[in-house]
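Structure, as structure tokens:
The values are calculated or read from the model by the stated rules, or taken from the named source; none is laboratory data. Quick caveat: nothing in here was measured; it's all calculated off a predicted structure. Here the Cβ positions follow ideal geometry from the backbone for every residue, glycine too, while neighbour counts run over all protein chains shown. We work out accessible area using only protein heavy atoms, side chains counted, and drop any ligands, DNA or RNA first. Shrake-Rupley method; radii C 1.70, N 1.55, O 1.52, S 1.80 Å.
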Amino acid sequence: MIYIEPELLKRVNTWINPTFDKATQDHIKNLIATNPMELKESFHKDLEFGTGGMRGVMGIGTNRINKYTLGKNTQGLCNYMHAVFPGESLKVAIAFDCRHNSKSLAKVVADVFSANNVEVFLFEDLRPTPELSFTLKHLNCHCGIVLTASHNPPEYNGYKVYWQDGGQLVPPQDSAIIQTINNLEYSEIKFEANENLIRYIGKEVDDVFIDASVNNGSFNTPDKVKEDFNIVFTSLHGTSITTIPETFKRAGYYNVHIVEEQSEPNGDFPTVTSPNPEDPEALKMALDLANKVDGDIVIGTDPDSDRLGIAVRNLDDDLVLLNGNQTMIMMTDFLLKQWKTDGKIKGKEFIGSTIVSTPMMSVLAESHAVECKIGLTGFKWIAKMIKDFPELDFIGGGEESFGFMVGDFVRDKDAVTSTLLACEIAAQAKAKGSSFYKELIQLYVEHGLYKERLISITKKGIEGAQEIKQMMIDARENPLKIVNHSKVIIIEDYLLSSSMNMATGKTSTIEVPKSNVLIYYTEDGSKIALRPSGTEPKIKFYISVNTTLNSIGEFIQTEEKLETKIDDILKDMKLI
């Protein structure tokens, strides 16, 4: 006889009743009889909102993405919206990506909204996440939803919630909505659609979004320069194929080679191990094509088109992948210089970054006399900066995980506009006899060479989550004092909202929301951050080191020294 813990069985039994369809009940009964481990994984907890909304494996249960967990979320949102917008005619926009079940789950979500007397603008087919953020504001909606799991494996899906400003949920709305959801019973979900309140949208919104992307991502590059610039692009089976090729055309870039084998949206992502532009393997086909057609730049986007990976030619004319910090630095510096040229730097501007991204963002901001606001991981915090400081003009901002936002017309990371901006930078550099890569190195000469590396350790399942939790506990109870022969001088604990000066013993308060992040700063300028992922079963270690760079000619040798230094730090921490 299979033993099932009483508390777990109690949770499971709430799903074996007429509130749930027969197929769901039969599946659960089969799990009880044959697969108690899968039953436990499916029901041991409720899926939670993380840095990128709610993501999880699709399937039956409270810890899975399905019509009932998403229906409950949506019903809670409806109840909350009716409470905070009394008497208003509520509107919501809904988009979805290429993943399995995204289209059908989006319709379930639309049905629940409409059943609660909320007007729905539902995209007729898959669209990029940044277009959803744009559409929400464009159509004056109260809320927006996108069904996506970003770059997670094929068995995942997700549910991102956006608010009136076009940004993702942040305090205090997030906790209030979660509380409303938690107070609901599944029997309270209204699934019966009012089809009269569901309007399908498509090209008419695409046109406005693409035009806005061109207006925000183009910077006076002459037509001849665009003609001489050779682009290779891959959508990695995702949504960007619906907008980026047309964005290129409207911006005047016609010399574009698309990786056809990856252009068809497909939730299985058949040509890659992972559809993640951070992963070099994901861009292999694009790199091969670029070498064949002598491409100047390679760009790949993740499935929901909010992040991008870039490869450019190095000093030896070989294609090399840039990391998210390098791309962010180049884009930010380019925008800052454009704003200065246009006379728009007046002392009331800022750029945005995150606590685990390169410290070079603050250095760039200081050199251009603008402010650099630094928040928690996730673009919802950069969007919140824009909302919280309406008296300041937002120039652009990014984070190390390959995301960037150009201006504030979209309030989330945006691979559509950022793709165009990257090509503008590279094309203009080529036209003056330089390159994207050379311009990056020149920034290092001017401001110091910053080198970062991310180490991710995957720990799946219930036991994995406990291991990650224990690793963070151990790091807090036994903090590092010396890293690679350099004293730790400051420890920032974002869970405790405290920053401790190790020399004086004095602590100060960190004025950002609490988060499970620990950061060490050492005497030699190194920075080491520890953070469990909010969307994946991983714990992440972010290493940043820096030194001066005297000339472009010394770049390779100096970079190698920093790479060795990072290796030594990781060995000292027993991570490699």
Search result, residues across the range 445-461 that are buried (at least 19 other Cβ atoms within 10 Å of the Cβ) and either in a helix (DSSP H, G or I) or over 23 Å from the mean Cα position of the chain (by Cα) (or both): LEU449
Strands (runs of 3 or more DSSP E) within the range 354-444 that include 2 or more residues open to solvent by 10 Å² or more (accessible area, probe 1.4 Å) and at negative phi: 371-375, 393-399
Enumeration of residues in the range 285-320 that are touching a residue at least 12 places away in the same chain (Cβ under 8 Å), part of a helix (DSSP H, G or I) and either more than 15 Å from PHE402 (Cβ to Cβ) or polar (S, T, N, Q) (or both): MET285, LEU287, LEU289, ALA290, ASN291, VAL293
Filter pass, LEU236 being among the aliphatic types (A, V, I, L, M), assigned to a loop (DSSP other than H, G, I, E, B) and open to solvent by less than 10 Å² (accessible area, probe 1.4 Å): yes
ILE16, sole failed condition from (1) open to solvent by 40 Å² or more (accessible area, probe 1.4 Å); (2) of a type in the set (A, V, I, L, M, F, W, C); (3) touching a strand residue (DSSP E or B) at 6+ places or on another chain (Cβ under 9 Å): (3)
Qualifying residue in the range 549-570 (condition: open to solvent by less than 50 Å² (accessible area, probe 1.4 Å), small (Gly, Ala, Ser) and in contact with an Asp or Glu (Cβ under 9 Å, 6 or more places away or on another chain)): no
Residue list for the range 244-261, filter: under 12 Å from ASN230 (Cβ atoms), open to solvent by 10 Å² or more (accessible area, probe 1.4 Å) and outside any strand (DSSP E or B): TYR254, ASN255
Residue match in the range 323-339 (condition: buried (at least 24 other Cβ atoms within 10 Å of the Cβ) and part of a strand (DSSP E or B)): no
Close pairs (7 angstrom Cβ cut-off, 6 or more residues apart or separate chains): over 15 Å from ARG64 (Cα atoms) in the range 1-29, at pLDDT 90 or above and of a type in the set (Gly, Ala, Ser) anywhere: THR19/SER187
Residues (among the polar types (S, T, N, Q), open to solvent by 10 Å² or more (accessible area, probe 1.4 Å) and farther than 21 Å from ALA212 by Cβ) located in the range 126-185: GLN173, SER175, GLN179, THR180, ASN182, ASN183
Failed condition for ASN484, given (1) loosely packed, with under 15 Cβ neighbours inside 10 Å; (2) over 26 Å from the mean Cα position of the chain (by Cα); (3) closer than 27 Å to ASN325 by Cβ; (4) polar (S, T, N, Q): (1)
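Look at ALA176 and say whether it is at pLDDT 95 or above and either of a type outside the set (Asp, Glu) or under 25 Å from LEU420 (Cβ atoms) (or both). Lay out the reasoning, then the answer.
Values: at pLDDT 95 or above: no; either of a type outside the set (Asp, Glu) or under 25 Å from LEU420 (Cβ atoms) (or both): yes.
No: the conditions fail for ALA176.
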Residue match in the range 413-430 (condition: touching a residue at least 40 places away in the same chain (Cβ under 8 Å) and farther than 30 Å from GLY238 by Cα): no
Qualifying residue in the range 210-219 (condition: assigned to a helix (DSSP H, G or I), touching a strand residue (DSSP E or B) at 6+ places or on another chain (Cβ under 7 Å) and of a type in the set (A, V, I, L, M)): no
Selection count, the range 66-98, where residues are within 28 Å of GLY238 (Cβ to Cβ) and either in contact with a strand residue (DSSP E or B) (Cβ under 9 Å, 6 or more places away or on another chain) or free of Cβ contacts under 8 Å to residues at least 12 places away in the same chain (or both): 13
Residues (touching a Leu at 6+ places or on another chain (Cβ under 8 Å), over 13 Å from MET472 (Cβ atoms) and open to solvent by 10 Å² or more (accessible area, probe 1.4 Å)) located in the range 515-548: TYR542, ASN546, THR547, THR548
Pairs where the first residue, in the range 505-524, is of a type in the set (S, T, N, Q) and the second is surrounded by fewer than 15 Cβ atoms within 10 Å (Cβ to Cβ), C-beta under 7 Å, 6+ apart: THR507/SER498; THR509/SER498; SER515/LEU495; ASN516/LEU495; THR522/LYS487
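Can you tell me which residue in the range 216-230 is farthest from VAL410 (Cα to Cα), limited to those that are in contact with a Phe, Trp or Tyr (Cβ under 8 Å, 6 or more places away or on another chain) and surrounded by fewer than 19 Cβ atoms within 10 Å (Cβ to Cβ)? Don't jump to the end; show me each part of the working.
We begin by selecting, within the range 216-230, every residue in contact with a Phe, Trp or Tyr (Cβ under 8 Å, 6 or more places away or on another chain); these are 216, 219, 226-227, 229.
Narrowing further to those that are surrounded by fewer than 19 Cβ atoms within 10 Å (Cβ to Cβ): 219, 227.
Values: PHE219: 18, GLU227: 28 Å.
Step by step, filter the range 216-230, then rank; the result is GLU227.
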